[in-house]
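S.K.: Structure incoming, see below.
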Amino acid sequence: PARHFDTRTTEPISFFLSGLEELLAWQPDSNDDFNISAVPLAQRQPPLHSKRPRTLVCHDMRGGYLEDRFIQGSATRNPYVFYHWRYIDVFVYFSHHTVTIPPVCWTNAAHRNGVPVLGTFITEWTDGEKLCEAFLAGGEEAYHAVSKQLARIAQHYRFDGWLVNVENTLSAAAVGNLPLFLRHLTAQVHSAVPGGLVIWYDSVLRNGALKWQNELNEENRVFFDACDGLFTNYNWKEAHLERTRRLAGPRHTDVYVGIDVFARGDVIGGGFDTDKSLRLVRQYGLSAAIFAPGWVYEHLGEENFLHNENKFWGSLAEYLPTHSICTLPLTTSFSLGMGTSRFLAGKEEEAGPWYDLSAQEIQPLYPAREGRLSTSCCLQDAWCGGSSLRVQGTIPPGEERVAIRLFSLQMPAPPKLLLTLLYKLEGPHHDEFAVALELTTWDSGTCHEGNITSLPEPNSRHHPRFLPAPPPRLANLLAACDHGSHGWTGRCYEQDLQDCSLRDLSLLVSRHQPSPQETPFSCLLGEVRVLDAASVAASPPQVQSLTASQLWWQ
């Protein structure tokens, strides 16, 4: 069927639904299997419902369903990717089709990094008025049917809820039922999808008029009260934020203040001035909805995209609370889900562009300090996948080492950890440096390294012991321990901890000789793994009930 497969190439594709009839007629279909997310939502700290201001990203690019619709990837040169997942809380895939089901590759990439994904249910213009009249102006069975279908769709494709965007005027009968519809949809989504969300966009008022308010007020509060949050329009000033904060009361973090990166209309700041808008939003303790950050790609061009993307998110980092990983194993080769080649064990396997966000790996923090440190993606060389992480910086005069924080962690440490690292030092002075991993633990009176008699480290910094060879039973898993290949160096470490809670994983770059000069370094990271030794030693579960379907021999 054309909905599920590309008519030109016959490859499986992600799709949307148009109009009320298609929505109500939707049924799960065996052709759907490709479209169901295969990655459960990873746990992270703090959880979404904590009272910290959140950051929502609303992705709206050229009508949606571009190369990202190809479920098994495509040979796209310079595609758009998003990878600053540690800095955001919710990802919305937006298009102008009635029911936007997020392409499964986005759900896979977001879930692997602990971020829930919302689709969009939108009605607009005169067609929207007719559609709303059809399901909202009558009895409850009509709007119950719509909310049940939307909840079933999210549950079936394993994404996390909906942004609801009614951008047309409503009759008195329709607007009277709208809060009831939102309440029913929210309840249905909550019961069908663990941690599910329904967010309302600031558009129509309680009297049915279409009039964007740029704030939470008495005219739109009835919709906010009926669901999980409000996404405001973009043309606000500080006075709007002040009133919103007052009216929202204890639910102030459920208001996502819209920030249009394209800076359309009368806004405080977009583009590389987006930080001005975000700073104000945070002064009032409100959440933010960053709309169309693809501006970086669309406006500044595809060629220098990765550099500009790091610059853009780096400029906002001060106002974006980050998230911690709270489960092991943690293993990543930093791949972005795209590349100009494919690498395996440090060797280029296949040259040529590729794009598949489902293959994106867990992404780190991207720390930067002006002139002192930068972290970026390197497409020219990788251990596995399409890219590695390039860490560049300087060791200040007289200092021996510098620690670069890669991941924030928040979990109890198992008694024994195994860590692995694959790296490659670059530049003319690469032999002057040593590279290792550093773990920090939360300060607590009980945390000990190794056996109880050894004293806790000051500042709870731990430098795991180097393992020259892997433990005998783990030789396959830790094959790169004492050697890498193709210029990559492999290292394994172990760390014994008692009653400790993990806090940070950092890369430690140190000089062999102290120097009165500042020393620049550049290092590629190909892979990092943090493993619980006990669970690694246990034998892996056997694969059960494997089936193959949809085969076509040519």
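S.K.: Phe334 versus (1) out of contact with any helix residue (DSSP H, G or I) (no Cβ under 8 Å at 6 or more places or on another chain); (2) open to solvent by 30 Å² or more (accessible area, probe 1.4 Å): which is the lone unmet condition?
M.R.: Result: Phe334 passes all but (2).
S.K.: State all residues of the stretch 98-141 that are hydrophobic (A, V, I, L, M, F, W, C), assigned to a helix (DSSP H, G or I) and either more than 29 Å from Asn31 (Cα to Cα) or not assigned by the TED database to the domain that holds Lys211 (or both); if no residue qualifies, say none.
M.R.: Trp125, Cys132, Ala134, Leu136
S.K.: Moving on. Failed condition for Phe181, given (1) crowded, with 18+ Cβ neighbours inside 10 Å; (2) outside any helix (DSSP H, G or I); (3) not β-branched (Val, Ile, Thr), with all others met?
M.R.: Just one mismatch for Phe181, condition (2).
S.K.: Here's another thing I want to ask about it. Pick from Ser376, Ser358, Ser388: which is out of contact with any strand residue (DSSP E or B) (no Cβ under 9 Å at 6 or more places or on another chain) and either open to solvent by less than 20 Å² (accessible area, probe 1.4 Å) or at pLDDT 95 or above (or both)?
M.R.: Ser358
S.K.: Further question: Please report, ordered by residue number, the strands (runs of 3 or more DSSP E) entirely within the stretch 265-354 with at least 1 residues that are under 30 Å from Leu478 (Cα atoms).
M.R.: Of the strands (runs of 3 or more DSSP E) lying wholly inside the stretch 265-354, those with at least 1 residues that are under 30 Å from Leu478 (Cα atoms) span 330-332, 338-344.
This table checks each residue for (1) at positive phi; (2) more than 29 Å from the chain's Cα centre (by Cα); (3) among the aromatic types (Phe, Trp, Tyr).
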| position | (1), (2), (3) |
| --- | --- |
| Thr10 | yes, yes, no |
| Ile13 | no, no, no |
| Phe16 | no, no, yes |
| Ala25 | no, yes, no |
| Asp33 | no, no, no |
| Ser37 | no, no, no |
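S.K.: Taking the conditions exactly as written (touching a Pro at 6+ places or on another chain (Cβ under 6 Å) and either open to solvent by 30 Å² or more (accessible area, probe 1.4 Å) or of a type in the set (Lys, Arg) (or both)), does Arg77 satisfy them or not?
M.R.: The answer is yes for Arg77.
S.K.: For the stretch 474-520, which residues satisfy the criterion of being assigned to a loop (DSSP other than H, G, I, E, B), acidic (Asp, Glu) and closer than 20 Å to Ile404 by Cα?
M.R.: Once the filter is applied, which keeps residues that are assigned to a loop (DSSP other than H, G, I, E, B), acidic (Asp, Glu) and closer than 20 Å to Ile404 by Cα, the stretch 474-520 yields only Glu518.
S.K.: Evaluate the following for Gln149: is it at pLDDT 95 or above, of a type outside the set (Gly, Ala, Ser) and closer than 30 Å to Asn108 by Cβ?
M.R.: yes
S.K.: For Leu505, only one of the following conditions fails: (1) more than 14 Å from Leu330 (Cβ to Cβ); (2) of a type in the set (A, V, I, L, M, F, W, C); (3) surrounded by 15 or more Cβ atoms within 10 Å (Cβ to Cβ). What is its number?
M.R.: Going through the list (1) more than 14 Å from Leu330 (Cβ to Cβ); (2) of a type in the set (A, V, I, L, M, F, W, C); (3) surrounded by 15 or more Cβ atoms within 10 Å (Cβ to Cβ), Leu505 breaks only (1).
S.K.: Ok, one more. State whether one or more residues within the stretch 307-320 are under 19 Å from the mean Cα position of the chain (by Cα), over 24 Å from Arg369 (Cβ atoms) and not aliphatic (A, V, I, L, M).
M.R.: Looking through the stretch 307-320, none of the residues is under 19 Å from the mean Cα position of the chain (by Cα), over 24 Å from Arg369 (Cβ atoms) and not aliphatic (A, V, I, L, M).
S.K.: Can you tell which of Ala137, Ala187, Ala172, Ala145 is touching a residue at least 60 places away in the same chain (Cβ under 8 Å) and open to solvent by 10 Å² or more (accessible area, probe 1.4 Å)?
M.R.: Unique residue meeting the criteria: Ala145.
S.K.: With the checklist (1) part of a helix (DSSP H, G or I); (2) of a type outside the set (Lys, Arg); (3) touching a His at 6+ places or on another chain (Cβ under 9 Å); (4) surrounded by fewer than 17 Cβ atoms within 10 Å (Cβ to Cβ) in hand, flag the one item Thr244 doesn't pass.
M.R.: Among (1) part of a helix (DSSP H, G or I); (2) of a type outside the set (Lys, Arg); (3) touching a His at 6+ places or on another chain (Cβ under 9 Å); (4) surrounded by fewer than 17 Cβ atoms within 10 Å (Cβ to Cβ), Thr244 violates only (4).
S.K.: OK, next. Give all pairs with beta carbons closer than 8 Å in which a residue from the stretch 220-245 that is touching a residue at least 60 places away in the same chain (Cβ under 8 Å) meets a residue that is among the polar types (S, T, N, Q); count only pairs at least 6 apart in sequence or on separate chains.
M.R.: Between residues of the stretch 220-245 that are touching a residue at least 60 places away in the same chain (Cβ under 8 Å) and residues that are among the polar types (S, T, N, Q), the close pairs are Cys227/Thr186; Asp228/Thr186.
S.K.: Ok, one more. Right, Arg405: under 30 Å from Leu48 (Cα atoms) and without any contact (Cβ under 8 Å) to a residue 40 or more places away in the chain or not?
M.R.: no
S.K.: On to the next question. Check the stretch 249-260 and report whether any residue there is assigned to a strand (DSSP E or B) and hydroxyl-bearing (Ser, Thr, Tyr).
M.R.: yes
S.K.: Specify the residue that is modelled with the highest pLDDT; the eligible residues are those in the stretch 425-460 that are in a strand (DSSP E or B) and open to solvent by 40 Å² or more (accessible area, probe 1.4 Å).
M.R.: By that ranking, first place goes to Glu426.
S.K.: Has the stretch 76-93 got at least one residue that is touching a residue at least 24 places away in the same chain (Cβ under 8 Å) and more than 29 Å from Leu320 (Cβ to Cβ)?
M.R.: yes
S.K.: Scan the stretch 26-55 residue by residue and report those that are open to solvent by less than 70 Å² (accessible area, probe 1.4 Å), more than 29 Å from Val261 (Cβ to Cβ) and of a type in the set (A, V, I, L, M).
M.R.: The one that is open to solvent by less than 70 Å² (accessible area, probe 1.4 Å), more than 29 Å from Val261 (Cβ to Cβ) and of a type in the set (A, V, I, L, M): Ile36.
The values are calculated or read from the model by the stated rules, or taken from the named source; none is laboratory data. Being a predicted model, the structure only gives us computed values, none of them experimental. Heads up, the Cβs are rebuilt from the backbone with ideal geometry, glycines too, and the neighbour counts pull from every protein chain shown. All accessible areas refer to the heavy atoms of the entire protein, side chains included, with ligands and DNA or RNA removed. Shrake-Rupley method; radii C 1.70, N 1.55, O 1.52, S 1.80 Å.
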